[in-house]
Amino acid sequence: MIKLENIQKVFRTEEVETVALGGVSLEVKKGEFVAIMGPSGCGKSTLLNILGLLDNPTSGTYYLDGEEVGKLKESQRTKVRKGQIGFVFQSFNLIDELNVEENVELPLTYLGVPKKERKQRVEEVLRRMAISHRAHHFPQQLSGGQQQRVAIARAVVMNPKLILADEPTGNLDSKNGLEVMQLLTQLNQEGTTVVMVTHSERDAGYAQRIINLLDGQVVPEVSL
Ligand code: ADP
Ligand code: MG
């Protein structure tokens, strides 16, 4: 599903040049659950943003379902991303002015899904995420764990084939973190490919495979 070949990402700010990714090659197969680990600043979020078509690499090639997508213009990237890739962030990124139902409905509105179908799909996904009883609450009225369940509901409401999660349990206590991991595992078992950045060994244990990053490079796997 995903194939990266020699991906480099260089950030240039005034006189400083940061090589965030220094030639990353990797593959993720359809239906896999992969964890990306590594110390702070090693390029994990940069890699996830490139995988999610939020940013382009400086060089290298990115194949998504066989199509080269690493050199697309922003408008084309948005088109490929829409409805196909769901994001979950450490800080939830919900819209405070919208209630739970409205937050989850938003991606469907963007996709032009008719109102009746939107309502049905929102209701169904809130039920699956066990957050239906908070449908009319606003993000600030919810616990962190509940907010992240809403964020996951928003990410999956358009049935994406790929979920990218950047430290999804980073702001949660152990119990809520566990619930989030169980939801991601459930989605993966239903066929969604999941790529998750994490600092937590426990969370990485839910993945089928761990990719370790160090200083913008994939640490080679050691086979014993
Ligand atoms: P991680 O998620 O592993 O902590 P990041 O991918 O956020 O690491 O960052 C990798 C490196 O790239 C860091 O040195 C960071 O400061 C730098 N970096 C990330 N984003 C930008 C940006 N937009 N502009 C400049 N430097 C950046
Ligand atoms: Mg990060």
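The values are calculated or read from the model by the stated rules, or taken from the named source; none is laboratory data. All of these numbers come straight from a predicted model, not from anything done at the bench. Cβ atoms come from the backbone with ideal geometry, glycine included; neighbour counts cover every protein chain shown.
Could you check the stretch 92-117 and list, in sequence order, the residues that are in a loop (DSSP other than H, G, I, E, B), touching a residue at least 40 places away in the same chain (Cβ under 8 Å) and polar (S, T, N, Q)?
Of everything in the stretch 92-117, just one residue is in a loop (DSSP other than H, G, I, E, B), touching a residue at least 40 places away in the same chain (Cβ under 8 Å) and polar (S, T, N, Q), namely Asn93.
Count, please, the residues in the stretch 35-47 that happen to be assigned to a helix (DSSP H, G or I) and more than 6 Å from ligand 1 (Cβ to nearest atom).
We begin by selecting, within the stretch 35-47, every residue assigned to a helix (DSSP H, G or I); these are 44-47.
With more than 6 Å from ligand 1 (Cβ to nearest atom) added as a condition, the list becomes 47.
Going through the stretch 35-47 one residue at a time, the tally reaches 1.
So, of the residues in the stretch 68-109 that are within 16 Å of ligand 1 (Cβ to nearest atom) and not acidic (Asp, Glu), which turns out to be surrounded by the most Cβ atoms within 10 Å (Cβ to Cβ)?
Filtering the stretch 68-109 for residues within 16 Å of ligand 1 (Cβ to nearest atom) gives 74, 87-91, 93.
Subset that is not acidic (Asp, Glu): 87-91, 93.
On the way: Phe87: 20, Val88: 24, Phe89: 19, Gln90: 19, Ser91: 13, Asn93: 13.
Step by step, filter the stretch 68-109, then rank; the result is Val88.
Does Asp65 count as of a type outside the set (Phe, Trp, Tyr), farther than 20 Å from Leu183 by Cβ, more than 12 Å from ligand 1 (Cβ to nearest atom) and touching a residue at least 60 places away in the same chain (Cβ under 8 Å)?
In short, yes.
Of the residues Phe11, Phe33, which is among the aromatic types (Phe, Trp, Tyr) and touching a residue at least 60 places away in the same chain (Cβ under 8 Å)?
Values: Phe11 fails: touching a residue at least 60 places away in the same chain (Cβ under 8 Å).
Matching residue, one of Phe11, Phe33: Phe33.
Conditions: (1) surrounded by 16 or more Cβ atoms within 10 Å (Cβ to Cβ); (2) outside any loop (DSSP other than H, G, I, E, B); (3) within 16 Å of ligand 2 (Cβ to nearest atom). Ile7 meets all but one. Number of the miss?
Just one mismatch for Ile7, condition (3).
Taking the stretch 14-30, which residues are near ligand 1 (Cβ under 7 Å from one of its atoms) and touching a residue at least 60 places away in the same chain (Cβ under 8 Å)?
Let us first name the residues in the stretch 14-30 that are near ligand 1 (Cβ under 7 Å from one of its atoms), namely 18, 20.
Within the stretch 14-30, just Ala20 meets the criteria.
Scan the stretch 125-145 and give yes if some residue there is more than 25 Å from Leu183 (Cα to Cα) and assigned to a helix (DSSP H, G or I), otherwise no.
We begin by selecting, within the stretch 125-145, every residue more than 25 Å from Leu183 (Cα to Cα); these are none.
No, the stretch 125-145 contains no residue that is more than 25 Å from Leu183 (Cα to Cα) and assigned to a helix (DSSP H, G or I).
Can you name the condition, by its number, that Ile50 falls short on among (1) of a type in the set (A, V, I, L, M, F, W, C); (2) in a loop (DSSP other than H, G, I, E, B); (3) within 16 Å of ligand 1 (Cβ to nearest atom)?
Exception for Ile50: condition (2).
Say we look at the stretch 131-152 and pick out the residues that are polar (S, T, N, Q) and closer than 20 Å to Leu164 by Cβ; which of these is modelled with the lowest pLDDT?
First, pick out the residues of the stretch 131-152 that are polar (S, T, N, Q): 132, 140-141, 143, 146-148.
Checking the rest, the ones that are also closer than 20 Å to Leu164 by Cβ come to 147-148.
Values: Gln147: 96, Gln148: 93.
Filtering the stretch 131-152 for residues that are polar (S, T, N, Q) and closer than 20 Å to Leu164 by Cβ, the one modelled with the lowest pLDDT comes out as Gln148.
In the stretch 40-61, which residues are surrounded by fewer than 21 Cβ atoms within 10 Å (Cβ to Cβ) and touching a strand residue (DSSP E or B) at 6+ places or on another chain (Cβ under 7 Å)? Explain how you work it out, then say what you get.
First, pick out the residues of the stretch 40-61 that are surrounded by fewer than 21 Cβ atoms within 10 Å (Cβ to Cβ): 40-42, 45, 49, 52, 54-56, 58-61.
Correct list: Cys42, Ser45, Gly52, Thr58, Ser59, Gly60, Thr61.
Take the residues in the stretch 36-55 that are within 21 Å of Leu187 (Cβ to Cβ) and without any contact (Cβ under 8 Å) to a residue 40 or more places away in the chain, then tell me which one is farthest from ligand 2 (Cβ to nearest atom).
Going through the qualifying residues, I end up with Leu53.
Would you please name the residue that is nearest to ligand 2 (Cβ to nearest atom), looking only at residues in the stretch 175-224 that are in a strand (DSSP E or B) and buried (at least 18 other Cβ atoms within 10 Å of the Cβ)? Break it down stepwise before answering.
Residues of the stretch 175-224 in a strand (DSSP E or B): 193-197, 209-214, 217-218.
Then drop every residue that is not buried (at least 18 other Cβ atoms within 10 Å of the Cβ), which leaves 193-197, 211, 213, 218.
Values: Thr193: 20, Val194: 17, Val195: 13, Met196: 12, Val197: 6, Ile211: 14, Leu213: 10, Val218: 16 Å.
Within the stretch 175-224, the match that is nearest to ligand 2 (Cβ to nearest atom) is Val197.
Give me the pairs, please: first residue somewhere in the stretch 72-91 and part of a loop (DSSP other than H, G, I, E, B), second residue anywhere and of a type in the set (A, V, I, L, M, F, W, C) and surrounded by fewer than 16 Cβ atoms within 10 Å (Cβ to Cβ), beta-carbon distance under 6 Å, and either six or more positions apart or on two chains.
Gly83/Leu111
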